[in-house]
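Undergrad: Take a look at the following structure, please.
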Amino acid sequence: MTIDWHDLGTAFALYLVLEGLVPFLSPESAQRAFRALAATAARHVRVMGLASMAAGCTLLYWIRG
């Protein structure tokens, strides 16, 4: 299996666009969310990150499968 760098670059660019939507559209909401995340225990942040990665892998498997 080879890596298609064009698809990887496209996916990363789309990620950056989606990641920037909330701070652009509602900076106050984004600031509240970042403050809440900063106040969350590291273990909970780690679990949320793991859940996000698992959901992303599942979605990718479903789409590409």
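Here, each number is a calculation from the coordinates, and none is a lab measurement. Quick caveat, the model's predicted, so the values are computed rather than measured. Here the Cβ positions follow ideal geometry from the backbone for every residue, glycine too, while neighbour counts run over all protein chains shown.
Undergrad: Nearest 10 degrees, 0 to 90: what angle lies between the long axis of helix 42-64 and the longest principal axis of the chain (Cα atoms)?
TA: 30
Undergrad: Let me ask you something else. Just the number: Rg to Rh for the chain, Cα atoms, Kirkwood Rh, two decimals. Show your work: numbers first, answer last.
TA: Details: Rg = 15.2 Å, Rh = 14.2 Å.
Here Rg/Rh amounts to 1.07.
Undergrad: Additional query: Run the numbers for Ser26 and Phe12: contour at 0.36 nm per residue of separation, minus the present Cα-Cα distance, in nm.
TA: My answer for the length gained is 2.8 nm.
Undergrad: Treat each spin label as a single point 7 Å out from the Cα along the C-beta direction, and report the Ala39 to Trp62 distance in nm.
TA: Roughly 3.3 nm, to one decimal.
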